[in-house]
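A.B. asks: Before we start, here is the structure in question, set down as C-alpha cells.
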Amino acid sequence: MSASGAQLQFAAEFALFLGAASGLALLALRGALLNAKTGGESALTCGFLAFGTSAFLHGSRLVEDGGASLIVGLRSAGIVAVLVGCLWGWVAGAAARILLGVAVAFLAAATLVDSAGSGTFSRISLAVGGLAMGIAVLLASRRSIAARVAATAATTLLIVVLVLGVAISAVLVNTVQASALDRLDLRAKNEAASAFNQSAVRIQEATITAVALAGGLTSKNDLLAAMAAPRGSEIITPHLKRLAEGFLSDVALAYIAQNGLVHGFFNLDVPQVIELAGKPVVTEALRSGQRASVELLGNPPRAYSVAVQPVELNGRAGVAIALKGLDDSYLAVAANDDPSLSLSLVKNSRFVARRGDQPSTASIAAMVHRALIDGLPSKGIVNDRFVAVAPVKVGDGSPQLALVASSPTTLVDRTRNEVFRNLFLVALGGALLALLFAVAVGAQIGAGLSRLRTAAEAIQEGDFGVRAGVESADEVGLLSRAFDSMASSVQEKTATEARLRGRLEAVVAGMGEALVALDGANRVTDFNRAAEDLLGVRQAEALGRPVDELVRLSDEEGSPILIRSSTPAGRWSTVGLVETLDGRRVPVAVSVGALRGPGAEVGGNVVVLADLTRERQVEQMKKEFLSRIGHELRHPLVPLMGYAEILNRKEVPPAQARAMHSEMLDQSYKLLRHVEMLEFFAADGAGQDFLRLEEVDPRVVIDDVVRRWQQRLGTPEVIRPRVRKSTPSMVADRRRLTKCLDELVDNAVKFSVDRGKIVVSAEPYPGGGVEISVTDHGQGMTAAEQDKAFEEFVQGDPSDTRAHGGLGLGLAFVRRVTEAHGGTMRCRSVLGKGSKFSIVIPVVPKETPR
C-alpha cells in the first residue's frame, strides 16, 4: 500500500473509532438519551463496540486485510445492531437518527468494497461513516451537560490523537523513505561508477594483449601475415588463447586487422565477434587510437565492458580487444552484501542483466530515459519498491546503460504499522480516561445545575429573595454567584437607567451639530449646547415651547420650511436658512428623523441642524480663486497669442520682431512663474525635504538678484544692494532663496510710488543667522493688511479690476520657504511711507517637521 493510501486508511479507521468511542461514552453515562428501551440500548452498545473493535484491529494493523472475515464480520454485526437500535426505542431526535442512518449506509458500502478488495472509495466511505456517527452522537448528547462533556471530551482527545498521529506517522514515514531512497541512490551511483571502472580494467587487459602480440616473434609473423590476408582468419586465435589461459582467464579477447578483418578471437562466438567488428568503438579505434565503451552483443543481447587498444608493428597493424560481460553473475557479486537489494542493467527499455526482483520497465521508463538521454540519476517509489536509477557512462562521458537499484518498502511498512498500532493503543487508553473523567465532572456539574434550576423557577414565580448558594471555584460556582447577584441587580435597574440617560444627555450636549428633540405635539423636549449657540436661545427658555417659535426655517427664496414627518419612513432632510434670535440668517443642513416608541409608533421627532457657514465661505473662496487664476493666466496669454499671430501672418522689421520676442519672453516667464507657484503650493512645498541645501554667500545671491532687476527695470539707480561686511555665509537652498528675493522685489516694484528707491540688504542677525531685507518707499500697508499679508491667495484689492495683478501667493511662498529653513519672516510697514520685509535664516537650518 502506498504511503498516502496508508495515511488515508489510518485516518478513516480512526474516524470510525472516534465515532464509536463517542457513542459508547454517551451510552455509559446517559443511555436513555439515545434509546428508551433496554433492548435498543443494548443493541446500540453492541453495534458501537463492534465498530470500535473492527476499527482498532484494522487501523492498528493487527489485521492488515480490510476484507478479512473478522473485520467484515464485526462491521456487519455493527451495522445490524445499530439499525436495530435506530428502529426500536430511539428517542434522540430525527436529525441524529438520519445522521446515524447515513453513517450505517456508508459503512455498509465500505464493507462491501473491502470484501471485494480494498480501495480509495472504501476508505473515504469509512471516514464519512465515522464522522457522521460522531456528529449524530454529539447531537443526541445536547440534552445532558454531563453526557455532552463526556462525548465532547472523548471526541476532542481522539481528534487530537488523530491529527498528531497522522502528522507523526507522515513525518516518520517520510523520514524513513527519504533515508532509504538516499541510501539506495548512493548505492546505485556507486554501482554505476563500478561498472564504469570496468572500462579502465579492460583497457589494461587490451594493452597487455596488444603489447604481447607485438612483442612475440611468432605473433609478429602472424600479424604480418594477417595484414596481407585478403579475408578474415583465425591466425591470431592461438596467441589470444595462450594469453587468456596464462593471464586473462575470465576475459574474452579478439584481434581485428587495420583493414577491419577479424583474425582471431577467444571466449566469443563468430556472430558476436562479427557484430563487435562493426561497432563504432572498434572502427574509431582503428582510425584514431585507444577506445573504451559498454556494448550489447548477441541475441538476446548481453552487455560487455569493451576496451580496444592499437597494435603497433612498423605502423598500426590492427587492434586488440578485451571484453568482459556485465551480466547476471556480475550483478550477483555486486549485490552479494545485501540480500534485499535488486540490481539490473537496462538498455532501450530492455533488461540486459538482472539480479533479484525488478520493477517493470514500463514503470521506470521515465527514470531510465532520464539516465540514458540526459545522463542524470533519479529516485522514487514504484509499485511498493524503492527505485534508484543511475547512468553508466564511458570515457567520453556518454551514458551507455542505466543501472537500476531497487529494494522493497517493507521497512517503511513495518515502521508505519508500528506507529499506527501505538497510536490506536493511546487512543483506546485516552477514550477510557476521558469517559472516567466525564463521569466525575458530569456528576459534580449536574448537582450544581439542579440547584440553579430550582432557584430560577422560584424567581420566575416572583420570589426575588431566593439564592442558589452553590459554592465552588469552577464555572458552575461562578454562574451561581452571578445568579445570586441578579435579584439585587433588578432593584438597581431604575438607578442604572437614570445614569444611562445622563450619559446620553452628555453625548447630546457635546455634539457639534444643533440637536432639538420634539414630542408628539412638536414641543421641544431637549435642546443641546450647539442649538443654544446657533439659535441664540437658552435651553431653559426653549424646553416646552413649539418648535416653529424657535427654529424658523426657510429656503433660499424665503419660503418657510415646516418641521414635520411627512415621509413613510419618518425621515427627511434639506438645506435652508435658519433665523437666529439676533435676526441673522444662517445657512444650515436640516435632518429630521422620527422617534418611535416600544410598539414602533411615532412619538416625536429629532431635528439636527448643521451650520454651513464655513462651507459657504470655502465655496466662495474657491470661486474667487478660480476667477483670479483665469484672470492671471489670461493676462500673459493675450499678448503672447497676439504677437505670435502677428509674427505668423506678416513680415515684421527685425527691430520690431525683437521687441515682440522680448515681450513674448517676458510674458512666458510671467506665466511660468504663476504655474511654478501653483505647483509649489499643490505639492505642499514647505517641507525641509524640498530644499537642496548648500553653502550660500548672501552677497552673491543679492548681487545676482539686484543685477537682473536693474536690467529689467532699465534704471539701475532704482534698486541697490547693501551687504554688511561681517555677514556670514549660510547653508540654504540658493534656488528657493533667490525666488524669495524675486518675489519681495517684485512686490516692492509694484507698490512703489514714482519709482521710489528699493534696497536689498543683508546683515548678521543679533540672535544668530542672517537677516535679508527688501525695503521700499511705496504705499505701505494698514495693520489689517499686514495681519493677512502672508496668507495664501490674499491681496489688498481682491477685485478683478485691481491695479496690480498676481495670485496672492508671493508672500505666502516666502513664508513657507523661510520656515522650511528654520527661519522667521517679519514685516514692518507704514501706510503711505513704505514697507520692509525681512527673512531671518539661521547659518545652519534647524530640523523642522513637515
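A.B. asks: Anything in segment 356-411 that is among the β-branched types (Val, Ile, Thr), open to solvent by less than 50 Å² (accessible area, probe 1.4 Å) and under 41 Å from the mean Cα position of the chain (by Cα)? List them, or say none.
C.D. replies: Our first condition is that a residue be among the β-branched types (Val, Ile, Thr); within segment 356-411, this holds for 361, 364, 368, 373, 381-382, 387, 389, 392, 394, 404, 409-410.
Restricting the remaining residues to those that are open to solvent by less than 50 Å² (accessible area, probe 1.4 Å) gives 361, 364, 368, 382, 387, 389, 392, 394, 404, 409.
Selection gives 364, 368, 382, 387, 389, 409.
A.B. asks: Name every residue in segment 86-108 that is of a type in the set (Gly, Ala, Ser) and closer than 14 Å to residue 133 by Cβ, in order of residue number. Before you say what the answer is, go through the steps one by one.
C.D. replies: To start, the set of residues in segment 86-108 that are of a type in the set (Gly, Ala, Ser) comprises 89, 92-96, 101, 103, 105, 108.
Residues satisfying the conditions are 92, 95, 96, 101, 103, 105, 108.
A.B. asks: Restricting to segment 765-784, give me the number of residues that are under 59 Å from the mean Cα position of the chain (by Cα) and among the polar types (S, T, N, Q).
C.D. replies: Within segment 765-784, residues that are under 59 Å from the mean Cα position of the chain (by Cα) and among the polar types (S, T, N, Q) number 1.
A.B. asks: Here's another thing I want to ask about it. Would it be correct to say that residue 176 is open to solvent by less than 40 Å² (accessible area, probe 1.4 Å) and under 55 Å from the mean Cα position of the chain (by Cα)? Talk me through it step by step, then tell me what you get.
C.D. replies: Working: open to solvent by less than 40 Å² (accessible area, probe 1.4 Å): yes; under 55 Å from the mean Cα position of the chain (by Cα): yes.
The answer is yes for residue 176.
A.B. asks: Is it fair to say residue 654 is within 30 Å of residue 814 (Cβ to Cβ) and at pLDDT 80 or above? Give the steps one after another, and end with the answer.
C.D. replies: Working: within 30 Å of residue 814 (Cβ to Cβ): no; at pLDDT 80 or above: yes.
For residue 654, the condition - within 30 Å of residue 814 (Cβ to Cβ) and at pLDDT 80 or above - is not met.
A.B. asks: Okay, next question. How many residues are in contact with an Asp or Glu (Cβ under 8 Å, 6 or more places away or on another chain) and either touching a residue at least 40 places away in the same chain (Cβ under 8 Å) or open to solvent by 10 Å² or more (accessible area, probe 1.4 Å) (or both) if we restrict to segment 254-266?
C.D. replies: Kept after step one, since they are in contact with an Asp or Glu (Cβ under 8 Å, 6 or more places away or on another chain), are these residues of segment 254-266: 263-265.
Still in the running and either touching a residue at least 40 places away in the same chain (Cβ under 8 Å) or open to solvent by 10 Å² or more (accessible area, probe 1.4 Å) (or both): 263, 265.
Qualifying residue count for the region: 2.
A.B. asks: Are any of the residues in segment 201-212 open to solvent by 30 Å² or more (accessible area, probe 1.4 Å) and under 30 Å from residue 387 (Cα atoms)?
C.D. replies: Narrowing segment 201-212 to residues open to solvent by 30 Å² or more (accessible area, probe 1.4 Å): 201, 203-204, 207-208, 211-212.
From what is left, the residues that are under 30 Å from residue 387 (Cα atoms) are 201.
Taking every residue of segment 201-212 in turn, at least one turns out to be open to solvent by 30 Å² or more (accessible area, probe 1.4 Å) and under 30 Å from residue 387 (Cα atoms).
A.B. asks: I would also like to ask the following. Being more than 19 Å from residue 512 (Cα to Cα), modelled with pLDDT of 80 or more and either outside any strand (DSSP E or B) or open to solvent by less than 50 Å² (accessible area, probe 1.4 Å) (or both) is the requirement here; does residue 544 meet it?
C.D. replies: Working: more than 19 Å from residue 512 (Cα to Cα): yes; modelled with pLDDT of 80 or more: yes; either outside any strand (DSSP E or B) or open to solvent by less than 50 Å² (accessible area, probe 1.4 Å) (or both): yes.
Criteria met by residue 544.
A.B. asks: Could I ask something else about it? Name the residue that is nearest to the chain's Cα centre (by Cα), counting only residues in segment 267-320 that are within 16 Å of residue 234 (Cβ to Cβ) and open to solvent by less than 10 Å² (accessible area, probe 1.4 Å). Lay out the reasoning, then the answer.
C.D. replies: Here is the first cut: in segment 267-320, the residues within 16 Å of residue 234 (Cβ to Cβ) are 267-274, 276-277, 318, 320.
In the following step, the residues that additionally are open to solvent by less than 10 Å² (accessible area, probe 1.4 Å) were identified as 273, 276, 318, 320.
Values: 273: 67, 276: 63, 318: 70, 320: 68 Å.
The extreme case among them is 276.
A.B. asks: Moving on to the next point. For the condition surrounded by 11 or more Cβ atoms within 10 Å (Cβ to Cβ), more than 48 Å from the chain's Cα centre (by Cα) and either at pLDDT below 80 or not in a helix (DSSP H, G or I) (or both), what is the one hit in 647, 671, 678? First the steps, then the outcome.
C.D. replies: Working: 647 fails: either at pLDDT below 80 or not in a helix (DSSP H, G or I) (or both); 678 fails: more than 48 Å from the chain's Cα centre (by Cα).
Of the residues listed, the single one that is surrounded by 11 or more Cβ atoms within 10 Å (Cβ to Cβ), more than 48 Å from the chain's Cα centre (by Cα) and either at pLDDT below 80 or not in a helix (DSSP H, G or I) (or both) is 671.
A.B. asks: Would you pick out the residues in segment 14-55 that are in contact (Cβ under 8 Å) with a residue 60 or more places away in the chain and open to solvent by 20 Å² or more (accessible area, probe 1.4 Å)?
C.D. replies: 24, 28, 29, 30
A.B. asks: Please go through segment 329-350 and pick out each residue that is surrounded by fewer than 18 Cβ atoms within 10 Å (Cβ to Cβ) and under 14 Å from residue 392 (Cα atoms).
C.D. replies: 348
A.B. asks: Oh, and also: Among 216, 264, 246, which is the only one that is within 18 Å of residue 286 (Cα to Cα) and over 60 Å from the mean Cα position of the chain (by Cα)? If you could, list the steps in order and put the result at the bottom.
C.D. replies: Working: 216 fails: within 18 Å of residue 286 (Cα to Cα); 246 fails: within 18 Å of residue 286 (Cα to Cα).
The unique qualifying residue is 264.
A.B. asks: Can you spot a residue in segment 615-628 that is modelled with pLDDT under 70, open to solvent by less than 90 Å² (accessible area, probe 1.4 Å) and touching a Leu at 6+ places or on another chain (Cβ under 8 Å)?
C.D. replies: Yes.
A.B. asks: Please note which strands (runs of 3 or more DSSP E) are completely contained in segment 693-760 and include at least 3 residues that are more than 54 Å from the chain's Cα centre (by Cα).
C.D. replies: 719-723
A.B. asks: Between a residue in segment 195-222 that is among the β-branched types (Val, Ile, Thr) and any residue that is at pLDDT below 85 and open to solvent by 40 Å² or more (accessible area, probe 1.4 Å), which pairs come within a Cβ distance under 8 Å, given they are 6 or more apart or on different chains?
C.D. replies: What qualifies is 208/247.
A.B. asks: Does any residue in segment 268-288 that is β-branched (Val, Ile, Thr) and part of a helix (DSSP H, G or I) come within less than 8 Å, Cβ to Cβ, of a residue that is at pLDDT 90 or above and surrounded by fewer than 17 Cβ atoms within 10 Å (Cβ to Cβ) six or more places away or on a different chain, and which pairs are these?
C.D. replies: Final answer for the pair search is none.
A.B. asks: Kindly indicate whether residue 571 is basic (Lys, Arg), more than 19 Å from residue 614 (Cα to Cα), at pLDDT below 80 and surrounded by 12 or more Cβ atoms within 10 Å (Cβ to Cβ).
C.D. replies: Numbers: basic (Lys, Arg): yes; more than 19 Å from residue 614 (Cα to Cα): yes; at pLDDT below 80: yes; surrounded by 12 or more Cβ atoms within 10 Å (Cβ to Cβ): yes.
Against the criterion (basic (Lys, Arg), more than 19 Å from residue 614 (Cα to Cα), at pLDDT below 80 and surrounded by 12 or more Cβ atoms within 10 Å (Cβ to Cβ)), residue 571 qualifies.
A.B. asks: Moving on. Which residues, counting only those in segment 372-405, are without any contact (Cβ under 8 Å) to a residue 60 or more places away in the chain and in contact with a helix residue (DSSP H, G or I) (Cβ under 6 Å, 6 or more places away or on another chain)?
C.D. replies: Answer for segment 372-405, where residues must be without any contact (Cβ under 8 Å) to a residue 60 or more places away in the chain and in contact with a helix residue (DSSP H, G or I) (Cβ under 6 Å, 6 or more places away or on another chain): 376, 378, 399, 402.
A.B. asks: OK, next. What about residue 697, is it at pLDDT 85 or above, open to solvent by 40 Å² or more (accessible area, probe 1.4 Å) and touching a Pro at 6+ places or on another chain (Cβ under 7 Å)?
C.D. replies: no
A.B. asks: Give all pairs with beta carbons closer than 6 Å in which a residue from segment 721-732 that is small (Gly, Ala, Ser) meets a residue that is part of a loop (DSSP other than H, G, I, E, B); count only pairs at least 6 apart in sequence or on separate chains.
C.D. replies: From segment 721-732, the pairs are 729/697; 732/821.
The values are calculated or read from the model by the stated rules, or taken from the named source; none is laboratory data. For clarity, every value in this text was computed on a predicted model and none was experimentally measured. Reconstructed Cβ throughout: ideal geometry from the backbone, glycine too, with neighbour counts over all protein chains shown. The accessibility values were calculated without ligands, DNA or RNA, using every heavy atom of the protein model including side chains. Shrake-Rupley method; radii C 1.70, N 1.55, O 1.52, S 1.80 Å.
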